[in-house]
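All remarks here apply to the structure that follows.
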């Protein structure tokens with residue numbers, strides 16, 4: 001079965017190459033991790049259908065036929081989450097031992113020029129997309145009349161004892177270990193390569209010059225900027241809306257006001273001030289703020305520096321703070 005995974009690894013290595021061309025080095029790590037979970041979440045969603053493949057007897061005439069059947073189920077599940085991946089990443093998601101919250105630090109380091117973190121993310125993506133193929137082929141072999149254990153032994157280069165094949169977490173971990181061996185290789189010393197690796201790291205994403213040019217925007221004192229102009233494609237673009245940015249050290253907070261309400265409407269938490277958004281903007285000054293505002297369809301064309309935030313200039317707004 002190794003040829004199935006060799007082809008799968010190459011397809012997904014090409015995905016990484018394509019995304020390197022499509023996205024900036026700062027965008028790329030997050031996109032790769034998001035796509036990794038896009039492949040993992042449906043596995044858990046269709047777990048009962050996968051198990052059912054081993055309870056029907058022989059239903060198909062080939063591994064390919066069975067794999068196409070399972071992949072269609074997988075793909076239908078995947079399409080139900082296609083518009084929700086940013087929300088999953090924001091709120092945190094764990095599938096097996098893959099935890100999006102624990103990966104946030106690695107993503108941030110990769111975005112700031114750490115090539116080791118970039119490679120860790122890329123290897124994780126290849127390993128987890130290969131795991132998807134492992135699950136699909138395993139289920140397909142069930143449709144071909146194999147038991148769970150027989151199917152596992154036939155597709156894995158090195159099998160690991162599994163106590164309960166119906167427990168997703170146990171199976172996920174065992175399959176992950178098998179896949180890591182299949183794509184990463186296994187040797188007993190340099191001269192005794194038991195399993196040759198399918199994965200070869202891509203060239204470094206960040207050059208030395210790019211790494212040295214990563215600057216952190218830092219404000220020694222609290223600095224406040226207020227919007228004085230919006231572009232035409234801003235949602236709810238009317239004169240009574242105001243946005244303020246408060247910078248302090250490497251942190252930025254975004255305040256939204258609508259002074260057309262009585263009392264004036266004030267919102268701190270509705271415009272990207274949760275922990276994840278603020279961490280994503282850390283040290284990026286206005287560039288980080290622009291990225292957050294873009295997600296909320298707000299495009300400020302001009303800012304002015306002010307001494308006090310609006311909620312202090314209009315005292316009765318404090319009641320809303």
* To do: Could you grab me the full set of residues in the stretch 241-280 that are over 15 Å from residue 295 (Cβ atoms), part of a loop (DSSP other than H, G, I, E, B) and modelled with pLDDT under 75?
  => 259, 260, 261, 262, 263, 264, 268
* Close pairs (6 angstrom Cβ cut-off, 6 or more residues apart or separate chains): within 29 Å of residue 29 (Cβ to Cβ) in the stretch 202-230, modelled with pLDDT of 80 or more and exposed (fewer than 14 other Cβ atoms within 10 Å of the Cβ) anywhere -> 225/305
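Using the structure shown, decide if residue 77 is touching a helix residue (DSSP H, G or I) at 6+ places or on another chain (Cβ under 9 Å), at pLDDT 95 or above, surrounded by fewer than 18 Cβ atoms within 10 Å (Cβ to Cβ) and closer than 22 Å to residue 44 by Cα. Before you say what the answer is, go through the steps one by one.
Details: touching a helix residue (DSSP H, G or I) at 6+ places or on another chain (Cβ under 9 Å): yes; at pLDDT 95 or above: yes; surrounded by fewer than 18 Cβ atoms within 10 Å (Cβ to Cβ): yes; closer than 22 Å to residue 44 by Cα: yes.
Yes; evaluated as a whole, the condition is true for this residue.
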* Structure fact -> Those residues of the stretch 95-124 which are more than 18 Å from residue 15 (Cα to Cα), surrounded by fewer than 17 Cβ atoms within 10 Å (Cβ to Cβ) and more than 14 Å from the chain's Cα centre (by Cα) amount to 97, 116
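It is to be established whether one or more residues within the stretch 125-145 are touching a strand residue (DSSP E or B) at 6+ places or on another chain (Cβ under 8 Å), under 20 Å from residue 9 (Cβ atoms) and surrounded by fewer than 21 Cβ atoms within 10 Å (Cβ to Cβ). Full working, then the answer.
At the first step, the residues of the stretch 125-145 found to be touching a strand residue (DSSP E or B) at 6+ places or on another chain (Cβ under 8 Å) are 128.
Then keep just the ones that are under 20 Å from residue 9 (Cβ atoms); that gives 128.
Applying the additional criterion that residues be surrounded by fewer than 21 Cβ atoms within 10 Å (Cβ to Cβ) yields none.
No, the stretch 125-145 has no match at all.
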* Asked: in contact with a helix residue (DSSP H, G or I) (Cβ under 7 Å, 6 or more places away or on another chain) and either in a helix (DSSP H, G or I) or in contact (Cβ under 8 Å) with a residue 40 or more places away in the chain (or both): does that describe residue 120?
  -> yes
* To do: Residues that are at pLDDT below 90 and buried (at least 19 other Cβ atoms within 10 Å of the Cβ): find the helices (runs of 4 or more DSSP H) completely inside the stretch 1-64 holding 1 or more of those.
  => 2-22
* Structure fact -> Log entry, pairs with first residue in the stretch 40-61 being in contact (Cβ under 8 Å) with a residue 24 or more places away in the chain, second being surrounded by 14 or more Cβ atoms within 10 Å (Cβ to Cβ) and assigned to a loop (DSSP other than H, G, I, E, B), beta carbons closer than 7 Å, six or more apart or on different chains, reads 41/81; 41/93; 57/145; 58/144; 58/145; 60/144
* Scanning for something surrounded by fewer than 21 Cβ atoms within 10 Å (Cβ to Cβ), at pLDDT below 95 and at positive phi, does the stretch 161-170 turn up at least one residue? -> no
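The values are calculated or read from the model by the stated rules, or taken from the named source; none is laboratory data. Since the model is a prediction, treat every value here as computed from it, not as a measurement. Backbone-built Cβ (ideal geometry, glycine too); neighbour counts: all protein chains shown.
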